[in-house]
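Have a look at the structure below before the remarks.
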There are 4 protein chains.
Amino acid sequence: MEINGVTIDNTYAEAFPTWVCRVIITAVTEEWAYKAALEATGFATSAIGCPCEAGIEGMLTGDETPDGRPGCAVLFCASKKKVKEQVLERVAECVLTAPTTAVFDGLPDAEERIPVKLHFFGDGYEYQKEVGGRKCWVIPIMEGEYIGEEDFGIVKGVAGGNFFVMGENQMAALMGAQAAVDAIGGVCGVITSFPGGIVASGSKVGSNKYKFMPASTNEKYCPTLREKVADSKIPAGVTAAYEIVIDGIDEESVADAMAEGIRAAVMVPGVKFISAGNFGGNLGPFKIDLHSLFS
Amino acid sequence: MEINGVTIDNTYAEAFPTWVCRVIITAVTEEWAYKAALEATGFATSAIGCPCEAGIEGMLTGDETPDGRPGCAVLFCASKKKVKEQVLERVAECVLTAPTTAVFDGLPDAEERIPVKLHFFGDGYEYQKEVGGRKCWVIPIMEGEYIGEEDFGIVKGVAGGNFFVMGENQMAALMGAQAAVDAIGGVCGVITSFPGGIVASGSKVGSNKYKFMPASTNEKYCPTLREKVADSKIPAGVTAAYEIVIDGIDEESVADAMAEGIRAAVMVPGVKFISAGNFGGNLGPFKIDLHSLFS
Amino acid sequence: MEINGVTIDNTYAEAFPTWVCRVIITAVTEEWAYKAALEATGFATSAIGCPCEAGIEGMLTGDETPDGRPGCAVLFCASKKKVKEQVLERVAECVLTAPTTAVFDGLPDAEERIPVKLHFFGDGYEYQKEVGGRKCWVIPIMEGEYIGEEDFGIVKGVAGGNFFVMGENQMAALMGAQAAVDAIGGVCGVITSFPGGIVASGSKVGSNKYKFMPASTNEKYCPTLREKVADSKIPAGVTAAYEIVIDGIDEESVADAMAEGIRAAVMVPGVKFISAGNFGGNLGPFKIDLHSLFS
Amino acid sequence: MEINGVTIDNTYAEAFPTWVCRVIITAVTEEWAYKAALEATGFATSAIGCPCEAGIEGMLTGDETPDGRPGCAVLFCASKKKVKEQVLERVAECVLTAPTTAVFDGLPDAEERIPVKLHFFGDGYEYQKEVGGRKCWVIPIMEGEYIGEEDFGIVKGVAGGNFFVMGENQMAALMGAQAAVDAIGGVCGVITSFPGGIVASGSKVGSNKYKFMPASTNEKYCPTLREKVADSKIPAGVTAAYEIVIDGIDEESVADAMAEGIRAAVMVPGVKFISAGNFGGNLGPFKIDLHSLFS
């Protein structure tokens, strides 16, 4: 299959279940909501080495937030235990501390709930108040008063949706990946948790040589090893590959993001080949077929 | 003491020792160095609830980096054990994974050293190479090759340098704090680790009411509690306060950042009072007197 | 009338007809579309001293552009003669020269059309090609090939929609104005052409003292002149005012932007009063009443 | 000559005299100084079709500005008559109108001076005041008071310093050009006036086919015309070229910027060839030889 002259590999992305929490951060201006969201979603690229995966889903206008201020929707993805702990810590350390912010539950219809009890920070001076129909706690702080909900929905979502952007050289592949990330920015319900949304060093599970490593370079996808390893997956003419990893609130959003991302990447001159990562289908229950995205 | 009509409180900031590691991240463009640095220094506002404190010290031109590419200097601050673990994890998850990055030791003269052994990720395909006089490992990855040093200097620095910007209303205090952060951006050797560099909810150690809390709101500095608590430190006419917290490689850098920050904050209309946080001088060995900064 | 405790003055904004051209700029990534759009819409705040008024209406995803790439919608506002000349010059100098850009007509249904004939730049090497159903010219250039439509729709729109954000001090008023601009960013069909969307020095027509001046400071709205001029329009307790000026493709869009902007501004602490500018209703055919926006 | 494996053509850039005015814009924060500077330097890529050439020279800390606030240094380049007219109009429309700005002369030692008389806008309410040793006018405006100098130095500088970045494909050449612009950002005394600092469509004087055109595509440097025109200057293996055009306060600054830019561009993978534009040396008095930059 080809789109815009670029081959779409006949393969699928293998993805996994994850718990997802959506936090709405509002602030006096878009900029301050964004700065708090950036801090709260940092050091959160991959569950392998980070305490969770997190990212900014999108910016929100005042019409879309409970308190009528501009905001930012953020997704946190991890196991149920981890998501509970990480949302609490990240909101406490990175949002409650940020200028003018408030936080609201972004999944009010979810049955599963987690507590995010920040009001103890108020040391007894805190009190309850309804804001935009939401039951919030108000905590006196140095800038004035912090307002936040303390009960958040979580849903079973999908982590590890992915595709590979391969190019005739590194800059072509990188700009293809960037165009993909731009396009995914317009899709609801998903994040790309890696730096700038792009993975430069996709990994395989475990290591052949160093048994203590939980993950190591995926040599079959390393262009400089093309002639050195058996079964290289790097097509002729490709000298660089980037992976886009997508987490989302459901399989449909992740598939939609993959389709939008691939459509954008193939528009970039020098992008040659699109593929996706899987583990033979034995591990993840979600198999998102590339060709089916475009049929 | 007054500067530009703003009262500078007769007090001092109490600060504490910390270990500091400086990592130089380079990339194909400034933008990509910055994106990797942002991810690597996220979720790192306060050692109370984050695994470390971290931030961007400054951008570097190609003349200032070992490989001649644009870069970003990043500081990580924590206990020796934590700094070792966090620099490894954050470089592995947030920089090795980021497009086109390389990492170099930013404190080559420091006697104390920590290992950041990423080369096992190469699964045996890695090799050594000298870049800009630095002994590096080259790891084949999907985008091509990652290059990085694996031995980093750490020094005993200073954490918790601080001052308070108080204003006649919230927006004046916030813009004063922003102007301070802008100015501190021009000082070498320091970071402001909180979101956008500003703390909206400065805390005290422990809690009077909730014994299980390690920290809670500093009610003496809460403007809305001014009439409700004894010994409020909020002067008449102040309705909002922000704290700027500064970590640095030595006391001189932190003091310099405090001076530059305060000089900038008092230029902002509506800023009324500058103070600083201390614990009576019993805890931290560093006492940075506000008035001495300007004499 | 009050919203969120802020008085909305019982007055109206007086606005004027203008011709409006919408240009769609696409590029390899959002960033490059944005950079071209920024350059093309600079030096275009006010028709009084700039050759036109211009601004960025919004970012577009690949689904919304003729060539499937990310883009930016830009509005140029001026008299018919000026809009013709300015769109040609600005696209030629600021978009054709920018990396990877293409331009498309953003008002394909408009009856009134203007030519933007850039293909002569091709010196005979240019050729025609259909892209996304649009008849384009392809011009060989140093980066490869530039693609663009050369026939653009223009419509009779509305210039000078406006409101004033007044605050108890300058920073409160400024952040209120910023929140308004953020909110207007979500409204289709409008731009705010001043720097950052905000006017610090609203003017009156002509000058009382200097007869050669086409415009001068609007002393009735100058807070520092409140006690010095007769009929000051600055309410007690206000020490700063900003004007938000809105141009749009029709009266409805402009009114919608005014409503969204005011709703956002009144959420900012320290904002005290919202008014609007008019000339007694003798000049502009459009009178947009503030109270009617919220009824 | 080769640097980092990239051929540096044995040629020179031909540049021309221009008058240059440096304006220092300060504001309450870096961001507001930057926003005003962006607007003031827009629609100013090339003297061929824009009223002047302009750009941001660099950001300034409070230690570097007359009023101690953060700022931005901006250069305006044109003939003496045009520079006079353009600085007046651009400061009046894009800086006086911008929130919290002040302007100061950035070339106080220059003998040649131009007036920028904005104080008539004050309609008689304006008054004089010394700020940071500079004689300024204060104009009452809606946000409070605008402060600015009205006498600016201009010097005879150099326009049209340039080099070409050629790549094996478009994205490699573009990222090479971007790296060059990043590096030039660190050089004092220069600007790159095109969108994002990069020219995608370098031109030749006049047109062979369309006699009414003052400039047209430089077909000898068009990669898609390599086989169609005689004497193509595009080397084998190159499919895209970008031009970096530099204006500066003197020849040394421009040469320095060229050297820094080229050094950065050749670090980017896929960049193959560096050249420069000249007209046979008959026109411009400045001939900046590429090889001499590195000897």
Check: How do A:29-39, C:231-241 rank on mean C-beta neighbours within 10 Å, highest first?
Finding: A:29-39, C:231-241
Next item on the list: Mind pulling the angle between the C-alpha long axis of helix C:30-40 and the longest principal axis of chain C? Nearest 10 degrees, somewhere in 0 to 90.
Entry: 70 degrees
Note to self: Suppose a student asked you for the relative contact order of chain B, using Cα pairs under 8 Å spaced at least 6 residues apart; what percent would you report?
What the structure shows: 26 percent
Check: So what J values fall out for region B:218-229 if you push phi through Karplus, 6.51 cos²θ - 1.76 cosθ + 1.60 with θ = phi - 60°, rounded to Hz, Gly and Pro as x?
Finding: 8, 4, 5, 10, 8, x, 6, 9, 3, 8, 9, 10
Checklist line | Whole-Å distance, taken between Cα centres, linking region B:186-255 and region C:165-182 | finding: 26 Å
Next item on the list: Can you tell me the 0 to 90 degree angle between the C-alpha axis of helix B:80-94 and the longest principal axis of chain B, rounded to 10?
Entry: 60 degrees
Check: Along the axis that rotates chain C into chain D, which residue of chain C has the nearest beta-carbon, and what is the gap in whole Å?
Finding: C:GLY42, 0
Notebook entry, point to check: Using a label point 7 angstrom from Cα along Cα-to-C-beta, what distances in nm, from shortest up, separate A:ARG113 from the other copies?
Noted result: 5.5, 6.1, 7.3
Notebook entry, point to check: Using a Gaussian network for chain C with springs between C-alpha atoms less than 10 Å apart, which of these wobbles most: C:ILE56, C:ILE139, C:ILE48?
Noted result: C:ILE48
Next item on the list: Quick one: which residues, 5 or more positions from B:PHE152 or on another chain, have an amide H under 5 Å from its amide H? H modelled 1.01 Å from N in the peptide plane, none for Pro or chain starts.
Entry: B:ILE114, B:VAL116
Check: Gap in Å between the Cα centre of region C:113-148 and the Cα centre of region D:66-85?
Finding: 36 Å
Check: Arranged from highest to lowest average of other beta-carbon atoms within 10 Å per residue, in what order do the peptides C:141-153, D:3-15 appear?
Finding: C:141-153, D:3-15
Check: Under the Karplus relation 6.51 cos²θ - 1.76 cosθ + 1.60, θ = phi - 60°, what is the ordered set of whole-Hz ³J(HN,Hα) values for region A:166-181, x standing for Gly and Pro?
Finding: 10, x, 5, 8, 5, 5, 5, 5, 5, 5, x, 5, 5, 4, 5, 5
Check: Tilt of helix A:251-265 relative to the longest C-alpha principal axis of chain A, in degrees (0 to 90, nearest 10)?
Finding: 60 degrees
Check: Hey, got the average number of other protein chain Cβ atoms within 10 angstrom for residues in A:91-104?
Finding: 6
Check: Can you give the average number of partner chain beta-carbon atoms within 10 Å of each beta-carbon in peptide A:25-37, as a whole number?
Finding: 5
Check: Amide H neighbours of B:TYR146 under 5 Å, counting only residues 5+ apart in sequence or on other chains, H built in-plane at 1.01 Å?
Finding: B:ILE139, B:ILE141
Notebook entry, point to check: Placing +1 at every Lys and Arg Cβ and -1 at every Asp and Glu Cβ, with all other atoms neutral, what dipole size does region A:19-155 have around its Cα centre, in debye to the nearest 20?
Noted result: 360 debye
Note to self: Positive end of the dipole of region D:148-213, charges at C-beta (+1 Lys, Arg; -1 Asp, Glu), about the Cα centre: which of D:GLY161, D:VAL199, D:PHE212 has its Cα farthest in that direction?
What the structure shows: D:PHE212
Note to self: Please enumerate, by chain and number, the lysines with C-alpha under 20 Å from the C-alpha of C:LYS84, excluding those fewer than 8 residues away in the same chain.
What the structure shows: C:LYS117, C:LYS135, C:LYS156
Notebook entry, point to check: For chain B, with only Lys/Arg (+1) and Asp/Glu (-1) charged at the beta-carbon, what is the dipole magnitude about the Cα centre, in debye rounded to 20?
Noted result: 1180 debye
Item checked: Other-chain or far-sequence residues with amide H under 5 Å of B:SER216's (modelled H) -> B:LYS204, B:GLY206
Notebook entry, point to check: Taking only C-alpha pairs under 8 Å that are 6+ residues apart, what is the relative contact order of region B:19-155 in percent?
Noted result: 28 percent
Check: Where the label is 7 Å out from Cα toward Cβ, how close does A:ASP63 come to the same position in every other copy, in nm, shortest first?
Finding: 1.7, 4.9, 5.1
Margin query: Can you compute the charge dipole magnitude of region D:109-173 about its Cα centre, using +1 on each Lys and Arg Cβ and -1 on each Asp and Glu Cβ, nothing else charged? Give it in debye, rounded to the nearest 20.
Written below: 120 debye
Next item on the list: List the distances, in nm and shortest first, from the label point of C:GLY132 to the matching label points in every other copy, placing each point 7 Å from Cα along the Cα-to-Cβ direction.
Entry: 3.2, 4.1, 4.5
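No lab work stands behind these numbers, since they all come straight from the coordinates. Worth saying up front: this structure is predicted, and the values here are computed from it rather than measured. Glycine gets a Cβ as well: all are built from the backbone with ideal geometry, and neighbour counts include every protein chain shown.
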